[in-house]
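Participant: Below is a structure I'd like to ask you about.
The values are calculated or read from the model by the stated rules, or taken from the named source; none is laboratory data. No experiment lies behind these values; they were computed from the predicted model shown. Heads up, the Cβs are rebuilt from the backbone with ideal geometry, glycines too, and the neighbour counts pull from every protein chain shown. The area values use the complete protein model at the heavy-atom level, side chains included, leaving out ligands, DNA and RNA. Shrake-Rupley method; radii C 1.70, N 1.55, O 1.52, S 1.80 Å.
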Amino acid sequence: MSLKICINGKFYDKEKARISVFDHGLLYGDGVFEGIRSYSGLIFRLKQHIDRLYNSAKAIRLNIPINKEKMTREVISTLKKNKLTNAYIRLVVTRGVGDLGLDPRKCPHPTYFIITDRIKLYPQEFYENGLHIVTAKTKRHLPEALDPRIKSLNYLNNILAKINAIDAGVEEAIMLTHEEYVTECTGDNIFMIKNSRLITPPSELGALEGITQDAVIEIARKNKIHVSEKKIKVKDLYGADECFLTGTAAELIPVVKIDNRKIGTGNPGPITEFLTLEFHKLTKKDGVRYRI
Ligand code: PXG
(Lines give C-alpha, C1' and ligand atoms only; values in the text may rest on other atoms or scores of the structure.)
Protein backbone atom coordinates (compact mmCIF):
# COMPACT_ATOMS: atom_id res chain seq x y z
CA MET A 1 0.00 0.00 0.00
CA SER A 2 1.26 3.43 -0.90
CA LEU A 3 1.97 5.86 1.92
CA LYS A 4 -0.84 8.36 2.49
CA ILE A 5 0.02 12.02 2.99
CA CYS A 6 -2.40 14.44 4.62
CA ILE A 7 -2.54 17.83 2.82
CA ASN A 8 -4.99 20.39 4.21
CA GLY A 9 -7.03 17.63 5.79
CA LYS A 10 -7.26 15.36 2.72
CA PHE A 11 -5.31 12.17 2.10
CA TYR A 12 -3.25 11.62 -1.05
CA ASP A 13 -1.06 8.73 -2.19
CA LYS A 14 2.61 9.64 -1.78
CA GLU A 15 3.05 9.71 -5.58
CA LYS A 16 0.13 12.11 -5.96
CA ALA A 17 0.84 14.40 -3.01
CA ARG A 18 1.67 17.77 -4.59
CA ILE A 19 2.30 21.32 -3.41
CA SER A 20 2.10 24.27 -5.79
CA VAL A 21 5.31 25.85 -7.17
CA PHE A 22 3.74 29.15 -6.06
CA ASP A 23 3.69 28.04 -2.43
CA HIS A 24 5.80 30.47 -0.41
CA GLY A 25 7.09 27.58 1.69
CA LEU A 26 9.00 26.57 -1.44
CA LEU A 27 9.65 30.01 -2.95
CA TYR A 28 10.90 31.63 0.27
CA GLY A 29 11.16 29.01 3.00
CA ASP A 30 8.21 30.85 4.49
CA GLY A 31 6.73 28.37 6.93
CA VAL A 32 7.31 26.27 10.03
CA PHE A 33 7.62 22.59 10.83
CA GLU A 34 7.99 19.85 13.44
CA GLY A 35 9.63 16.44 13.50
CA ILE A 36 7.90 14.06 15.92
CA ARG A 37 8.32 10.38 16.85
CA SER A 38 5.91 7.67 17.85
CA TYR A 39 7.06 4.63 19.80
CA SER A 40 4.82 1.53 19.90
CA GLY A 41 1.67 3.57 19.39
CA LEU A 42 2.67 6.39 21.73
CA ILE A 43 3.42 9.83 20.24
CA PHE A 44 6.28 11.22 22.31
CA ARG A 45 5.48 14.62 23.84
CA LEU A 46 2.98 15.48 21.13
CA LYS A 47 1.60 18.42 23.09
CA GLN A 48 5.03 20.07 23.33
CA HIS A 49 5.58 19.62 19.58
CA ILE A 50 2.17 21.06 18.72
CA ASP A 51 2.75 23.99 21.10
CA ARG A 52 6.18 24.66 19.56
CA LEU A 53 4.67 24.55 16.05
CA TYR A 54 2.01 27.12 16.95
CA ASN A 55 4.59 29.30 18.73
CA SER A 56 6.89 29.19 15.69
CA ALA A 57 3.92 30.12 13.48
CA LYS A 58 3.01 33.01 15.75
CA ALA A 59 6.58 34.29 15.66
CA ILE A 60 6.45 34.55 11.85
CA ARG A 61 2.87 35.93 11.93
CA LEU A 62 1.41 32.85 10.26
CA ASN A 63 -2.11 31.86 11.23
CA ILE A 64 -2.48 28.09 11.19
CA PRO A 65 -5.93 27.47 9.68
CA ILE A 66 -6.95 24.78 12.21
CA ASN A 67 -6.71 24.72 15.98
CA LYS A 68 -4.32 22.60 18.05
CA GLU A 69 -6.96 19.97 18.88
CA LYS A 70 -7.82 19.43 15.23
CA MET A 71 -4.12 19.33 14.26
CA THR A 72 -3.54 16.70 16.96
CA ARG A 73 -6.43 14.61 15.60
CA GLU A 74 -5.10 14.88 12.05
CA VAL A 75 -1.64 13.70 13.11
CA ILE A 76 -3.23 10.69 14.77
CA SER A 77 -5.51 9.91 11.83
CA THR A 78 -2.53 10.07 9.43
CA LEU A 79 -0.67 7.53 11.58
CA LYS A 80 -3.74 5.29 11.69
CA LYS A 81 -4.33 5.58 7.95
CA ASN A 82 -0.76 4.36 7.37
CA LYS A 83 -0.95 1.71 10.11
CA LEU A 84 2.29 2.96 11.63
CA THR A 85 3.06 2.33 15.30
CA ASN A 86 6.73 3.34 15.20
CA ALA A 87 6.93 6.41 13.04
CA TYR A 88 8.62 9.66 12.18
CA ILE A 89 6.05 12.40 11.74
CA ARG A 90 6.81 15.53 9.73
CA LEU A 91 4.30 18.29 10.26
CA VAL A 92 4.67 21.34 7.99
CA VAL A 93 2.73 24.59 7.69
CA THR A 94 3.59 27.04 4.92
CA ARG A 95 2.41 30.55 4.11
CA GLY A 96 0.54 28.96 1.19
CA VAL A 97 0.10 29.84 -2.46
CA GLY A 98 0.82 33.45 -3.43
CA ASP A 99 2.37 35.34 -6.32
CA LEU A 100 6.07 35.68 -7.10
CA GLY A 101 6.59 38.55 -4.67
CA LEU A 102 7.45 38.25 -0.98
CA ASP A 103 4.19 39.76 0.25
CA PRO A 104 2.55 37.32 2.68
CA ARG A 105 -0.74 39.18 2.28
CA LYS A 106 -0.95 37.58 -1.18
CA CYS A 107 -1.14 34.16 0.47
CA PRO A 108 -4.64 33.94 1.90
CA HIS A 109 -4.63 30.20 2.66
CA PRO A 110 -1.73 28.62 4.55
CA THR A 111 -0.92 25.06 3.48
CA TYR A 112 -0.40 22.31 6.01
CA PHE A 113 0.68 18.76 5.46
CA ILE A 114 1.53 15.71 7.52
CA ILE A 115 3.94 13.00 6.42
CA THR A 116 4.25 9.88 8.53
CA ASP A 117 6.94 7.42 7.63
CA ARG A 118 9.28 4.83 9.03
CA ILE A 119 12.15 6.37 10.90
CA LYS A 120 15.64 6.42 9.40
CA LEU A 121 18.16 6.18 12.19
CA TYR A 122 21.85 6.85 12.53
CA PRO A 123 23.78 3.58 12.09
CA GLN A 124 23.92 1.55 15.32
CA GLU A 125 27.72 1.85 15.49
CA PHE A 126 27.42 5.59 16.22
CA TYR A 127 25.38 4.81 19.35
CA GLU A 128 27.84 2.15 20.43
CA ASN A 129 31.12 3.87 19.56
CA GLY A 130 30.11 7.53 19.51
CA LEU A 131 30.10 10.24 16.89
CA HIS A 132 32.94 12.42 15.59
CA ILE A 133 31.94 16.02 15.05
CA VAL A 134 33.63 19.28 14.06
CA THR A 135 33.16 22.99 14.64
CA ALA A 136 31.34 24.53 11.69
CA LYS A 137 32.96 27.44 9.84
CA THR A 138 29.46 28.76 9.23
CA LYS A 139 28.38 30.86 12.21
CA ARG A 140 24.90 30.70 13.72
CA HIS A 141 22.87 33.60 12.41
CA LEU A 142 21.85 36.24 14.94
CA PRO A 143 18.68 35.69 16.98
CA GLU A 144 17.91 39.36 16.24
CA ALA A 145 17.84 38.49 12.51
CA LEU A 146 15.96 35.18 12.58
CA ASP A 147 15.59 33.53 15.96
CA PRO A 148 16.82 29.91 15.85
CA ARG A 149 14.11 29.17 18.44
CA ILE A 150 11.67 29.43 15.54
CA LYS A 151 11.57 26.07 13.79
CA SER A 152 11.14 27.64 10.37
CA LEU A 153 11.44 26.11 6.91
CA ASN A 154 14.48 28.29 6.43
CA TYR A 155 17.24 25.84 7.37
CA LEU A 156 19.98 27.11 5.07
CA ASN A 157 22.13 28.28 7.98
CA ASN A 158 22.04 24.73 9.34
CA ILE A 159 22.53 23.16 5.91
CA LEU A 160 25.67 25.23 5.27
CA ALA A 161 27.04 24.00 8.60
CA LYS A 162 26.03 20.44 7.69
CA ILE A 163 28.08 20.84 4.49
CA ASN A 164 31.04 21.83 6.70
CA ALA A 165 30.55 18.52 8.55
CA ILE A 166 30.31 16.53 5.31
CA ASP A 167 33.46 18.24 3.97
CA ALA A 168 35.26 17.17 7.16
CA GLY A 169 34.04 13.59 6.73
CA VAL A 170 31.79 13.61 9.83
CA GLU A 171 28.05 13.60 10.51
CA GLU A 172 27.50 16.73 12.56
CA ALA A 173 28.93 20.18 13.19
CA ILE A 174 28.80 22.55 16.16
CA MET A 175 27.45 25.99 15.33
CA LEU A 176 28.99 28.95 17.19
CA THR A 177 27.72 32.46 17.72
CA HIS A 178 29.74 35.42 16.42
CA GLU A 179 31.29 35.57 19.89
CA GLU A 180 32.33 31.93 19.54
CA TYR A 181 29.88 30.51 22.06
CA VAL A 182 28.53 27.02 21.39
CA THR A 183 24.82 26.97 20.44
CA GLU A 184 23.88 23.53 19.09
CA CYS A 185 24.53 21.25 16.12
CA THR A 186 22.75 21.43 12.76
CA GLY A 187 19.81 19.25 13.81
CA ASP A 188 20.53 18.39 17.44
CA ASN A 189 21.13 20.08 20.78
CA ILE A 190 24.40 19.54 22.61
CA PHE A 191 25.27 18.62 26.19
CA MET A 192 28.60 18.28 27.97
CA ILE A 193 29.40 16.62 31.28
CA LYS A 194 32.18 17.88 33.55
CA ASN A 195 32.72 16.54 37.07
CA SER A 196 29.35 14.71 36.90
CA ARG A 197 27.52 17.96 36.08
CA LEU A 198 25.46 18.36 32.95
CA ILE A 199 25.76 21.58 30.94
CA THR A 200 23.84 22.69 27.85
CA PRO A 201 23.90 26.12 26.14
CA PRO A 202 20.99 28.51 26.77
CA SER A 203 18.61 28.71 23.80
CA GLU A 204 18.72 32.56 23.87
CA LEU A 205 22.22 32.35 22.40
CA GLY A 206 20.74 30.88 19.22
CA ALA A 207 19.47 27.33 19.60
CA LEU A 208 16.19 25.52 19.23
CA GLU A 209 14.51 24.69 22.55
CA GLY A 210 14.75 20.96 21.96
CA ILE A 211 12.01 18.68 23.23
CA THR A 212 14.51 15.85 23.66
CA GLN A 213 16.87 18.30 25.40
CA ASP A 214 14.06 19.24 27.76
CA ALA A 215 13.28 15.58 28.48
CA VAL A 216 16.96 14.90 29.26
CA ILE A 217 17.11 17.88 31.63
CA GLU A 218 14.00 16.52 33.39
CA ILE A 219 15.48 13.02 33.69
CA ALA A 220 18.75 14.40 35.05
CA ARG A 221 17.01 16.54 37.69
CA LYS A 222 14.82 13.61 38.78
CA ASN A 223 17.97 11.57 39.27
CA LYS A 224 19.79 14.30 41.21
CA ILE A 225 22.26 15.00 38.43
CA HIS A 226 23.16 18.68 38.48
CA VAL A 227 22.08 20.48 35.26
CA SER A 228 22.71 24.04 34.16
CA GLU A 229 22.21 26.13 31.05
CA LYS A 230 25.52 27.88 30.62
CA LYS A 231 27.49 29.69 27.96
CA ILE A 232 30.34 27.45 26.84
CA LYS A 233 33.14 27.64 24.31
CA VAL A 234 34.52 24.86 22.14
CA LYS A 235 37.58 24.61 24.39
CA ASP A 236 35.22 23.74 27.28
CA LEU A 237 33.88 20.90 25.14
CA TYR A 238 37.42 19.70 24.43
CA GLY A 239 37.96 19.39 28.18
CA ALA A 240 34.62 17.66 28.89
CA ASP A 241 34.40 14.23 30.49
CA GLU A 242 31.49 13.31 28.21
CA CYS A 243 29.51 14.91 25.42
CA PHE A 244 26.31 13.93 23.64
CA LEU A 245 23.69 15.27 21.23
CA THR A 246 19.90 15.13 21.54
CA GLY A 247 17.13 15.27 18.97
CA THR A 248 13.89 13.62 18.00
CA ALA A 249 15.54 11.52 15.29
CA ALA A 250 18.87 10.88 17.05
CA GLU A 251 17.48 10.56 20.61
CA LEU A 252 20.76 10.66 22.62
CA ILE A 253 23.94 10.06 20.71
CA PRO A 254 27.40 10.08 22.31
CA VAL A 255 30.15 12.32 20.89
CA VAL A 256 33.69 10.96 21.30
CA LYS A 257 35.74 13.26 19.11
CA ILE A 258 35.48 17.00 18.42
CA ASP A 259 37.80 18.60 15.86
CA ASN A 260 39.93 15.45 16.07
CA ARG A 261 40.34 15.74 19.85
CA LYS A 262 39.32 12.82 21.99
CA ILE A 263 36.57 13.61 24.50
CA GLY A 264 37.04 11.97 27.91
CA THR A 265 38.20 8.40 27.45
CA GLY A 266 37.26 8.44 23.75
CA ASN A 267 34.33 6.11 24.46
CA PRO A 268 30.70 6.86 25.36
CA GLY A 269 30.62 7.74 29.07
CA PRO A 270 28.58 6.32 31.95
CA ILE A 271 26.30 9.34 32.51
CA THR A 272 25.45 9.46 28.80
CA GLU A 273 24.64 5.75 28.96
CA PHE A 274 22.48 6.16 32.05
CA LEU A 275 20.54 9.08 30.53
CA THR A 276 20.05 7.13 27.28
CA LEU A 277 18.52 4.19 29.17
CA GLU A 278 16.23 6.49 31.14
CA PHE A 279 15.21 8.30 27.96
CA HIS A 280 14.21 5.00 26.35
CA LYS A 281 12.09 4.20 29.42
CA LEU A 282 10.40 7.59 29.09
CA THR A 283 9.49 7.02 25.42
CA LYS A 284 7.58 3.94 26.54
CA LYS A 285 5.29 5.89 28.85
CA ASP A 286 5.26 9.61 28.04
CA GLY A 287 3.01 10.39 25.09
CA VAL A 288 -0.36 10.36 23.40
CA ARG A 289 -1.64 6.84 22.81
CA TYR A 290 -3.36 5.78 19.56
CA ARG A 291 -4.47 2.44 18.16
CA ILE A 292 -4.21 1.40 14.54
N1 PXG B 1 18.25 21.74 16.95
C2 PXG B 1 17.82 21.87 15.70
C3 PXG B 1 18.34 22.95 14.84
C4 PXG B 1 16.85 20.99 15.21
O5 PXG B 1 16.38 21.11 13.97
C6 PXG B 1 16.87 19.85 17.36
C7 PXG B 1 17.81 20.78 17.78
C8 PXG B 1 16.38 18.84 18.33
O9 PXG B 1 15.08 19.20 18.80
P10 PXG B 1 14.02 18.12 19.27
O11 PXG B 1 12.84 18.92 19.67
O12 PXG B 1 13.75 17.23 18.08
O13 PXG B 1 14.64 17.39 20.39
C14 PXG B 1 16.35 19.96 16.05
C15 PXG B 1 15.32 19.01 15.53
C16 PXG B 1 16.71 15.28 10.76
C17 PXG B 1 16.00 16.40 11.41
O18 PXG B 1 16.10 14.68 9.88
C19 PXG B 1 16.27 16.76 12.71
C20 PXG B 1 15.59 17.82 13.31
C21 PXG B 1 14.70 18.50 12.58
C22 PXG B 1 14.46 18.15 11.26
C23 PXG B 1 15.09 17.08 10.67
O24 PXG B 1 17.86 15.01 11.13
N25 PXG B 1 15.92 18.11 14.62
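Participant: Provide a single number: the residues in segment 239-258 that are charged (D, E, K, R) and open to solvent by less than 40 Å² (accessible area, probe 1.4 Å). Outline the logic, then answer.
Facilitator: Here is the first cut: in segment 239-258, the residues charged (D, E, K, R) are 241-242, 251, 257.
Restricting the remaining residues to those that are open to solvent by less than 40 Å² (accessible area, probe 1.4 Å) gives 242, 251.
Result for segment 239-258: 2.
Participant: Determine whether segment 244-253 contains at least one residue that is within 20 Å of R140 (Cα to Cα) and of a type in the set (D, E). Let's see the steps before the verdict.
Facilitator: Of the residues in segment 244-253, the ones within 20 Å of R140 (Cα to Cα) are 244-247.
Within this subset, residues satisfying the condition of being of a type in the set (D, E) are none.
No, segment 244-253 contains no residue that is within 20 Å of R140 (Cα to Cα) and of a type in the set (D, E).
Participant: Still on this structure: In this structure, does P65 turn out to be without any contact (Cβ under 8 Å) to a residue 24 or more places away in the chain and assigned to a loop (DSSP other than H, G, I, E, B)? Before you say what the answer is, go through the steps one by one.
Facilitator: On the way: without any contact (Cβ under 8 Å) to a residue 24 or more places away in the chain: no; assigned to a loop (DSSP other than H, G, I, E, B): yes.
It is false that P65 is without any contact (Cβ under 8 Å) to a residue 24 or more places away in the chain and assigned to a loop (DSSP other than H, G, I, E, B).
Participant: Moving on to the next point. Hey, any hits in segment 162-180 for a residue that's within 12 Å of the ligand (Cβ to nearest atom), touching a residue at least 60 places away in the same chain (Cβ under 8 Å), open to solvent by 30 Å² or more (accessible area, probe 1.4 Å) and out of contact with any Pro (no Cβ under 8 Å at 6 or more places or on another chain)?
Facilitator: The answer is no; no qualifying residue exists.
Participant: Going by the structure shown, is V32 touching a residue at least 60 places away in the same chain (Cβ under 8 Å), open to solvent by less than 20 Å² (accessible area, probe 1.4 Å) and closer than 17 Å to T111 by Cβ? Spell out how you get there, then give the answer.
Facilitator: Working: touching a residue at least 60 places away in the same chain (Cβ under 8 Å): yes; open to solvent by less than 20 Å² (accessible area, probe 1.4 Å): yes; closer than 17 Å to T111 by Cβ: yes.
Yes, satisfied.
Participant: Being more than 9 Å from the ligand (Cβ to nearest atom) and under 16 Å from the mean Cα position of the chain (by Cα) is the filter here, so list the residues in segment 203-213 that pass it. Explain how you work it out, then say what you get.
Facilitator: Within segment 203-213, the subset more than 9 Å from the ligand (Cβ to nearest atom) is 203-206.
Matches in segment 203-213: S203, G206.
Participant: Under 7 Å by Cβ, and 6 or more places apart or on different chains, what pairs join a residue from segment 261-278 that is assigned by TED's automatic domain parsing to the domain that holds K235 with one that is basic (K, R) and surrounded by 14 or more Cβ atoms within 10 Å (Cβ to Cβ)?
Facilitator: Partner pairs satisfying both residue conditions: I263/K257.
Participant: Only one of T183, T200 is buried (at least 17 other Cβ atoms within 10 Å of the Cβ), within 30 Å of R95 (Cα to Cα) and within 16 Å of the ligand (Cβ to nearest atom). Can you tell me which?
Facilitator: Values: T200 fails: within 30 Å of R95 (Cα to Cα).
From the options T183, T200, the qualifying one is T183.
Participant: Tell me, please, whether a residue that is buried (at least 19 other Cβ atoms within 10 Å of the Cβ), in contact (Cβ under 8 Å) with a residue 12 or more places away in the chain and not hydrophobic (A, V, I, L, M, F, W, C) can be found in segment 211-227. Show your work before the answer.
Facilitator: Quick first cut of segment 211-227, residues buried (at least 19 other Cβ atoms within 10 Å of the Cβ) only: 211-213, 215-217, 219-220.
Of the ones still in play, those that are also in contact (Cβ under 8 Å) with a residue 12 or more places away in the chain are 211-213, 215-217, 219-220.
Still in the running and not hydrophobic (A, V, I, L, M, F, W, C): 212-213.
Yes, that holds for at least one residue.
Participant: Residues to consider are R105, R90, R140; find the one that is of a type outside the set (S, T, N, Q) and either outside the structural domain of G41 (by TED's automatic domain parsing) or in contact with a helix residue (DSSP H, G or I) (Cβ under 8 Å, 6 or more places away or on another chain) (or both).
Facilitator: On the way: R105 fails: either outside the structural domain of G41 (by TED's automatic domain parsing) or in contact with a helix residue (DSSP H, G or I) (Cβ under 8 Å, 6 or more places away or on another chain) (or both); R90 fails: either outside the structural domain of G41 (by TED's automatic domain parsing) or in contact with a helix residue (DSSP H, G or I) (Cβ under 8 Å, 6 or more places away or on another chain) (or both).
Going through R105, R90, R140 in turn, the sole match is R140.
Participant: Determine if segment 232-245 includes at least one residue that is of a type in the set (G, A, S), away from the ligand (no atom under 16 Å from the Cβ), at pLDDT 95 or above and assigned by TED's automatic domain parsing to the domain that holds Y155. Spell out the reasoning first.
Facilitator: Of all residues in segment 232-245, those of a type in the set (G, A, S) come to 239-240.
From what's left, away from the ligand (no atom under 16 Å from the Cβ): 239-240.
From what is left, the residues that are at pLDDT 95 or above are 239-240.
Subsequent filtering for residues that are assigned by TED's automatic domain parsing to the domain that holds Y155 retains 239-240.
Checked against the condition, which is being of a type in the set (G, A, S), away from the ligand (no atom under 16 Å from the Cβ), at pLDDT 95 or above and assigned by TED's automatic domain parsing to the domain that holds Y155, segment 232-245 yields at least one hit.
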